[in-house]
Amino acid sequence: MSVDIQEMQKDLRAAKLDGWLFYDFRGRDPIAQRILKLPAAMRTRRWFYLVPAKGTPRKLVHKIESESLAALPGDTFYYAGQEELRKNLAKTVGRAKTVAMQYSPKAAIPYVAMVDAGTVELVRGAGVRVVSSADLVQKYEACWTPQQLESHLQAGRAIDRIVRDAFQQAATHVREKKILTEYDLQQWIRAEFDAAGITREEGPDVAVNANASDPHYGPAAGKSAAIREADLLLLDVWGKTAAPGSVYYDITWIGFLGAKVPEKYAKIFRIARDARDKAVDLILSSISAGKPLQGWQVDKAARSIIEKAGYGKYFFHRTGHSIGESVHGNGANMDGLETHDVRHLIPRTCTSIEPGIYLPEFGIRTEVNVYIGEREARVTGALQNEILPLLA
């Protein structure tokens with residue numbers, strides 16, 4: 001399948017850009033290779049490819065790798081030495097005044113910052129203003145097809161069931177006073193995934209008490225805690241169907257191994273839940289109203305609830321991440337903390353919403369997935385509104 005140049009040019013005109021300048025050296029920019037659908041070839045020298053908002057694309061390649069971009073349409077310039085590179089780079093960009101590149105000012109969005117600073121300086125030296133391609137990349141890297149949305153929902157139905165059953169596994173072992181470790185339960189979930197045709201990147205995360213205070217905790221054989229009565233149990237579970245092109249479903253639920261949830265846990269969960277709902281409501285209302293919304297704004301909405309409750313320092317990761325064929329996709333993240341994500345939430349993308357509060361003695365997180373449609377957004381699975389009392 002070849003790249004749709006006309007569609008890309010339409011996007012460039014809508015963004016009021018003169019062009020999209022792709023650049024790579026020895027495979028440093030996988031985004032460029034994926035978007036341009038480049039077949040395997042020897043590319044050991046620098047190459048540039050300009051898709052102008054109007055007109056014919058232009059290539060700049062080294063003379064000893066003259067066919068390295070042969071699969072792409074457009075006119076070709078060649079170089080060997082440095083002076084020839086600079087001269088023909090100016091010809092490649094032509095009259096363009098503003099071009100997008102895989103660049104992020106001050107590395108605010110490092111996920112798209114693939115072009116090195118020196119190359120950006122080189123392009124600027126040709127009289128061109130360089131801006132970030134971050135929002136453009138989203139359309140080509142993060143948007144789902146209808147089939148991918150269905151694969152997400154299908155995976156969600158299986159994972160929701162497995163999570164419910166995993167909590168019951170823990171409760172049964174506690175009632176029967178049988179030993180079950182975090183690692184044992186993780187392996188049980190993996191077996192259920194295999195039986196249901198669900199694949200995953202590592203995980204899932206199964207954590208009790210203080211272990212749940214580590215957002216990336218993962219149990220290991222011989223190094224995990226036993227699950228006992230009166231334990232708080234966090235399950236962070238993600239997976240997708242085995243079909244090619246399928247996308248992830250990623251959720252976190254909390255259970256308590258007792259008949260009644262202690263107030264110290266319930267209180268913190270309510271704060272995290274309210275932060276989650278604040279973020280979700282902002283997305284739903286903004287998309288419904290056709291109001292532009294950036295990732296950092298969603299993060300701010302959730303974070304403000306936790307900060308107001310006095311637990312801001314215990315929420316030390318972003319509110320959510322893009323979801324795609326990888327569990328962490330290449331679209332907008334709900335992030336104003338680790339980065340300042342100014343990417344817009346665009347149609348046919350999906351994000352997690354997962355605020356957490358991580359105290360020294362226990363951690364709480366609640367996570368849902370939100371799909372953004374053309375005119376409306378929706379949560380794609382169940383909402384947990386209170387900690388589950390697993391021995392009730």
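The values are calculated or read from the model by the stated rules, or taken from the named source; none is laboratory data. Note that the structure is predicted; figures quoted are calculated from it, not measured. No Cβ is skipped: glycine too gets one built from the backbone with ideal geometry, and neighbour counts run over all protein chains shown. Protein only, heavy atoms only, side chains kept; ligands, DNA and RNA dropped before computing areas. Shrake-Rupley method; radii C 1.70, N 1.55, O 1.52, S 1.80 Å.
Apolar share of the accessible surface for the range 173-213: 48 percent from carbon plus sulfur atoms, 1.4 Å probe. Here the accessible area is traced with a 1.4 Å probe on the protein chains. For the range 276-318, carbon and sulfur cover 54 percent of it. Protein heavy-atom accessible surface, 1.4 Å probe, per residue over the range 282-330: 46 Å². Averaged per residue, the range 155-205 has 50 square angstrom of accessible surface, using a 1.4 angstrom probe with ligands and nucleic acids left out.
Here's the picture: charge each Lys and Arg Cβ at +1 and each Asp and Glu Cβ at -1 in the chain, and of Pro110, Leu17, Gly127 the one pushed furthest to the positive end of that dipole is Gly127. Normalised by 2.2 N^0.38 Å, where N is the number of residues, the C-alpha radius of gyration of the range 106-232 stands at 1.61. Selection among Tyr311, Pro30, Gly356 by position relative to the dipole of the chain gives Pro30 as farthest towards the positive end (Cβ unit charges, Cα centre). Of the solvent-accessible surface of the range 3-154, computed with a 1.4 Å probe over protein heavy atoms with every protein chain present, carbon and sulfur atoms account for 51 percent.
For the range 41-53, backbone phi angles converted through the Karplus equation (6.51, -1.76, 1.60; θ = phi - 60°) give residue-by-residue couplings of 6, 6, 9, 9, 10, 4, 9, 10, 9, 9, 9, x, 4 Hz, Gly and Pro being listed as x. By definition, a body whose alpha carbon gyration tensor gives a ≥ b ≥ c is rounded when a/c is under 1.5, and the range 1-117 falls into this rounded group. So which of Lys240/Lys291; Lys10/Lys97; Lys267/Lys313; Lys37/Lys97 end up more than 24 Å apart, counting from Cα to Cα? Long pairs (Cα-Cα over 24 Å): Lys240/Lys291; Lys37/Lys97. Rounded to the nearest 20, the size of the Cβ-charge dipole of the range 246-340 about its Cα centre is 460 debye, with Lys and Arg at +1 and Asp and Glu at -1. Placing +1 on the Cβ of every Lys and Arg and -1 on the Cβ of every Asp and Glu, with no other charges, gives the chain a dipole of roughly 1220 debye about its Cα centre.
Summarising the amide proton neighbourhood of Met114: residues at separation of 5 or more, or on other chains, whose placed amide H is nearer than 5 Å comprise Tyr103. For the chain, the relative contact order comes to 14 percent (Cα pairs under 8 Å, sequence separation of at least 6). Across the range 196-208, computed HN-Hα scalar couplings (Karplus, 6.51 cos²θ - 1.76 cosθ + 1.60, θ = phi - 60°) run 8, x, 9, 10, 7, 9, 6, x, x, 8, 10, 9, 10 Hz from first to last residue, x flagging Gly and Pro.
Per-residue Karplus couplings for the range 228-236, computed as 6.51 cos²θ - 1.76 cosθ + 1.60 with θ equal to phi - 60°, are listed in order as 10, 4, 6, 7, 8, 10, 10, 10, 10 Hz, Gly and Pro entered as x. Sorting 191-201, 364-374, 145-155 by average packing, meaning the other beta carbons within 10 Å per residue, from highest down gives 364-374, 145-155, 191-201. Given the C-alpha centroids of the range 194-226 and the range 233-271, what is the distance between them in whole angstrom? So the two Cα centres are separated by 12 Å.
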